[in-house]
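The structure appears below as structure tokens.
The values are calculated or read from the model by the stated rules, or taken from the named source; none is laboratory data. Everything quoted here is computed from the prediction, not taken from an experiment. Heads up, the Cβs are rebuilt from the backbone with ideal geometry, glycines too, and the neighbour counts pull from every protein chain shown.
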Amino acid sequence: MRKFLFLLLFVFLSDLISIPRFALMRGNQCRDCHINPTGGLIRNKDGWNYGKNNLKLFKSSQSQISPFLNDNISIGLDFRFQYLYSQELRRTDFHKMAGGLYLNFSLSDDINLIATYDLYRGYFEGYGILNLLPLDGYVKVGSFSPNFGIRIDDHTAYSRNGDAGTLSSSSYEGLIFSPGYSQTGIELGIYPTEFLFINFSAGQDKFPFRTDPSYLGRFELTPSIGELNFMLGGSYGIFRKLQNSFQLNDFFAGIGFNNFSLMSEIVQAKNYFNQDVKSLIYMLEISYRLMKGLDFVTRYDRIVPDIKVKGIYYSHFIFGFDFYPYSFLEIKPQYRMNLENPKVEKNNSFVLQFHFWY
């Protein structure tokens with residue numbers, strides 16, 4: 001049982017992707033902090049400086065450091081470790097979570113090559129971004145994570161991948177978007193206005209030499225009115241698995257101002273868990289910056305595996321803090337309550353993460 005728990009936890013709570021609430025608070029888009037237009041992985045100069053200077057609580061003397069080895073090559077990393085306590089399993093454990101190394105080659109002002117490798121999971125992404133389309137658009141070619149919904153930084157949310165019974169027997173699997181999920185194919189994106197982003201992708205995951213790839217389309221509006229920043233959008237995807245396909249419909253919205261953000265999402269899945277079965281997933285996240293270096297974050301998410309079966313659901317109520325005492329260090333205590341029907345007694349848990357990044 002112990003070895004099985006550790007195997008599952010290798011993909012538990014990893015957030016090597018971007019943090020949407022930061023963009024919503026600041027009125028930014030993913031590309032403002034990341035080289036990848038859809039966010040995640042290696043940061044650009046502005047994103048790196050934000051993480052270095054704008055999050056830390058305590059001042060610290062630092063030598064002149066930079067992720068840029070020269071004008072064309074930059075590096076990055078995310079290392080995560082955590083302590084876990086499961087009320088149901090009556091067990092505590094320490095374990096390694098993720099060890100992502102990133103590399104970007106800027107071949108020109110319009111062409112970037114990005115590679116990432118996770119030392120713990122053996123996960124690899126590699127793709128090229130060509131900023132050559134009209135309307136400030138781009139073409140991405142290679143192996144990458146598809147841009148579906150709100151890519152929040154906790155993949156145990158049911159709208160991402162769920163927790164699949166790692167800390168409680170009542171926990172439930174979520175959608176396909178684990179940290180290691182990627183597709184090999186092509187993605188196109190355009191910015192018709194400063195606050196509208198539209199992208200489309202087509203690709204394969206584990207099954208090559210097929211004539212029916214997965215397709216995904218997404219749009220996102222991010223207007224601002226004074227200090228109020230808004231997010232509104234949707235995604236639609238047709239994904240393939242073995243001989244069957246499933247559909248995901250997603251709608252999301254959010255508002256942010258000063259130190260506050262609220263994001264919500266609803267996903268309808270068709271044929272995901274079983275053929276001719278429709279499922280619903282809800283997510284709501286609220287965060288507030290109590291002071292520089294300390295954020296309060298709470299989230300509620302629920303999955304209804306079959307909307308025709310009344311009263312059966314699985315949900316999380318999570319609250320905790322994101323503490324940034326110094327540059328490149330995050331400490332994340334989090335209490336997790338499982339609220340499900342049928343009810344399981346005493347199945348809550350506690351997580352304490354340590355995150356180093358660069």
Does residue 293 satisfy the condition of being buried (at least 17 other Cβ atoms within 10 Å of the Cβ), touching a residue at least 60 places away in the same chain (Cβ under 8 Å), on the phi > 0 side of the Ramachandran plot and within 22 Å of the chain's Cα centre (by Cα)? yes
Kindly provide the set of residues from region 49-94 that are hydroxyl-bearing (Ser, Thr, Tyr) and either exposed (fewer than 14 other Cβ atoms within 10 Å of the Cβ) or within 19 Å of residue 105 (Cβ to Cβ) (or both), ordered by number. 60, 61, 63, 66, 74, 92
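Specify which of the listed residues (195, 246) is buried (at least 17 other Cβ atoms within 10 Å of the Cβ), among the hydrophobic types (A, V, I, L, M, F, W, C), more than 24 Å from residue 131 (Cα to Cα) and over 20 Å from the mean Cα position of the chain (by Cα).
246
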Assigned to a strand (DSSP E or B) and over 18 Å from residue 173 (Cβ atoms): does that describe residue 256? yes
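Yes/no per residue for (1) more than 25 Å from residue 32 (Cα to Cα); (2) not aromatic (Phe, Trp, Tyr):
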site	(1), (2)
96	yes, yes
113	no, yes
140	no, yes
144	no, no
148	no, no
177	no, no
198	no, yes
Output the residues belonging to region 109-140 that are under 20 Å from residue 96 (Cα atoms), part of a loop (DSSP other than H, G, I, E, B), of a type outside the set (A, V, I, L, M, F, W, C) and without any contact (Cβ under 8 Å) to a residue 60 or more places away in the chain. 122, 123
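Check 350, 260, 319 and return the single one that is without any contact (Cβ under 8 Å) to a residue 60 or more places away in the chain and either surrounded by 15 or more Cβ atoms within 10 Å (Cβ to Cβ) or out of contact with any Asp or Glu (no Cβ under 7 Å at 6 or more places or on another chain) (or both). So that I can check it myself, show each step before the final result.
Details: 350 fails: without any contact (Cβ under 8 Å) to a residue 60 or more places away in the chain; 260 fails: without any contact (Cβ under 8 Å) to a residue 60 or more places away in the chain.
On inspection, the qualifying residue turns out to be 319.
Filter region 214-241 for residues that are of a type in the set (S, T, N, Q) and either within 17 Å of the chain's Cα centre (by Cα) or in a strand (DSSP E or B) (or both) and give the result.
Kept after step one, since they are of a type in the set (S, T, N, Q), are these residues of region 214-241: 214, 222, 224, 229, 235.
The answer is 214, 224, 229, 235.
Have a look at 314, 282, 272, 300 and point out the one that is surrounded by 17 or more Cβ atoms within 10 Å (Cβ to Cβ), within 21 Å of the chain's Cα centre (by Cα), aromatic (Phe, Trp, Tyr) and part of a loop (DSSP other than H, G, I, E, B). I'd like the intermediate steps shown before the answer.
Numbers: 314 fails: part of a loop (DSSP other than H, G, I, E, B); 282 fails: part of a loop (DSSP other than H, G, I, E, B); 300 fails: part of a loop (DSSP other than H, G, I, E, B).
Testing whether each residue is surrounded by 17 or more Cβ atoms within 10 Å (Cβ to Cβ), within 21 Å of the chain's Cα centre (by Cα), aromatic (Phe, Trp, Tyr) and part of a loop (DSSP other than H, G, I, E, B) leaves just 272.
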Residue check, residue 18 more than 18 Å from the chain's Cα centre (by Cα), of a type in the set (Gly, Ala, Ser) and either modelled with pLDDT under 85 or in a helix (DSSP H, G or I) (or both): no
